[in-house]
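This report concerns only the one structure given below.
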Amino acid sequence: MKKMLLAAASVLALTAGASAEVKMGVILGFTGPIESLTPAMGGSAEMAMKEASDSGKFLGGETITSVRADSTCVDAAAATAAAERLITSDNVVSIMGADCSGVTTAIANNVAVPNGVVMISPSATSPALTTIEDKGLFFRTAPSDARQGEVLADVVMERGISSIAITYTNNDYGKGLSDSFAAAFQARGGKVTITAAHEDGKGDYAAEVASLAAAGGDALAVLGYVDQGGRGIMQNAIDTGAFSKFVLGDGMIGDSLLTVSGLDGASVVGTAPGSTSENATKFDEMAKAAGITETTPYRHESYDAAALMILAMQKAGKADRSMIAGSIMELANAPGEKIGPGELAKALELVAAGTDIDYDGATNVEFTDVGEAKGSYKELEVKGGKWETIKVR
């Protein structure tokens, strides 16, 4: 009898230990064309998980464990397989990610939505995702490129650039941003001399740059990725003297771009989601204290994506996949008590007590009726070998 009681106690202990751990997926392109950006994104999401776990207030003392997977950013099949492992093998309750628009669409359509799993992407910005058939399970803390194209066009026109050549990475993200930017630039009286796609992963971009240069323009808009094709295009254009002025979309904004040879002799301006608000500044301080020193985009959005799913579980009273989506919009938007970064313990307490909250987080989150952030954009420029924020739009 004693042995039976001990065995039963051991089973109960194991069961309690298992139920106390909640697994959340983090799927980002840890390899591929934005691999210099994703470590800070993943780390920022995991900051929110640790903050909630350490508070002791998440679901009566349960803890959250991050399970990472590689989206590659570009390989839809590999991304889908990675997401399937997260959901079926690792049994994650929700997914922070994915990152690039094409793989995000593939994961949502093929894996997450069919399995009833909520995804919140911090960086998938294709306008096509606005109308995805997601059954209310897909959200994004980054704004759509439909808006970024307009903001970027304003930046370019205000700098006196009246004609521009455009090259974009040949995928959903690149095409969506290119179309948005070209339309907005032309609507403001600008001239687009050429619009040409480029492929990532090539060793040489001389032919692409030659075509762009032949078309002419006051500047070259590079709407690609900082660690692959976009970088290669810029390097060749600088080396050959084809262009000296560059206009960049958010996928090109990263610290790794600062190592491009000859960049100090070029004019470089771009846009990326972000702000200089009090909440954004507070998050930056938190991230630095946690060892995240990069100044790359989408760190703030990653923290907020994870935080919203954590708060949704708290509101549901348990880590149940089927109960997360229903409260995301309510938690993110007014009315309610404002919650900023670093205040998850307070938020968890309020939610558990049935008090309404308005989660602003690190990005002053406010969702549209389809669950995507309205957001703000930084106008950025390379000055003195670093990125400098000129203004927030």
Take the Cα pairs of the range 143-201, get the Kirkwood Rh, then feed it into Stokes-Einstein at 37 °C and 0.692 mPa s and tell me D in µm²/s. 286 µm²/s
With Cβ to Cβ distances under 15 Å as the rule, what net charge do the other residues near Met96 carry (K, R +1; D, E -1)? -1
Ranked Thr276, Thr167, Thr125, criterion: other C-beta atoms within 10 Å, fewest first: Thr276, Thr167, Thr125
Would you calculate the separation in nanometres between label points at Leu263 and Val392, each defined as 7 Å from the Cα along the Cα-to-beta-carbon direction? 2.4 nm
Average silhouette area of the range 77-142, convex hull of alpha-carbon atoms, in square nanometres: 3.8 nm²
The range 220-264: projected area of the alpha-carbon convex hull, averaged over directions, in nm²: 2.6 nm²
Counting every C-alpha pair in the range 181-298, the percent lying more than 26 Å apart is 28 percent
Relative packing of 371-384, 193-206, which averages over residues the other C-beta atoms within 10 Å, highest first: 371-384, 193-206
Per-residue Cβ neighbour rank within 10 angstrom, fewest leading, Arg140, Arg188: Arg188, Arg140
Obtain the radius of gyration and the Kirkwood radius of the range 240-393 from its C-alpha atoms and give Rg over Rh. 1.08
What number, in percent, do you get for the relative contact order of the range 208-281 if the mean sequence gap of Cα pairs under 8 Å and at least 6 apart is divided by its residue count? 31 percent
Out of the DSSP beta bridges found with both residues in the chain, what percent are antiparallel (nearest 5)? 25 percent
Restricting to lysines 8 or more places apart or on different chains, can you count the pairs in the range 278-393 with Cα atoms under 19 Å from each other? 14
Would you mind ranking Phe181, Phe367 by Cβ crowding within 10 Å, fewest neighbours first? Phe367, Phe181
Specify whether the C-alpha gyration tensor of the range 325-393 places it in the rounded, prolate or oblate class, a ≥ b ≥ c being the square roots of the eigenvalues: rounded for a/c under 1.5, otherwise prolate if a/b is larger than b/c and oblate if not. prolate
Only Cα pairs under 8 Å and at least 6 apart count here; give the relative contact order of the chain as a rounded whole percent. 17 percent
Extension gain (nm, one decimal) between Ser55 and Ala210, 0.36 nm per residue minus Cα-Cα: 50.1 nm
Please sort through the DSSP H helices of the chain and keep those with an alpha-carbon extent of at least 15 Å along the long axis and a Kyte-Doolittle average not below -1.0. 2-19, 38-55, 145-158, 172-187, 229-240, 299-316
State the extension gain, in nm to one decimal, for the chain segment bounded by Thr276 and Glu199, taking 0.36 nm per residue of separation less the distance between their alpha-carbons. 24.3 nm
Just subtract the alpha-carbon distance of Val67 and Ser256 from 0.36 nm times their residue separation and send over the number in nm, one decimal. 65.4 nm
For the range 106-239, what class follows from the C-alpha gyration tensor (a ≥ b ≥ c being the square roots of its eigenvalues): rounded when a/c is under 1.5, otherwise prolate if a/b is larger than b/c, else oblate? oblate
Bin by bin, in steps of 10 Å, what percent of the Cα pairs in the chain do you find, going until the bin that has the longest distance? 5, 24, 31, 22, 11, 4, 1, 1, 0
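Bear in mind that the values in this text are calculations on the coordinates, not laboratory data. It should be emphasised that the depicted structure is a prediction, and the values quoted were computed from it without experimental measurement. Note: ideal-geometry Cβ built from the backbone for every residue, glycine included; neighbour counts use all protein chains shown.
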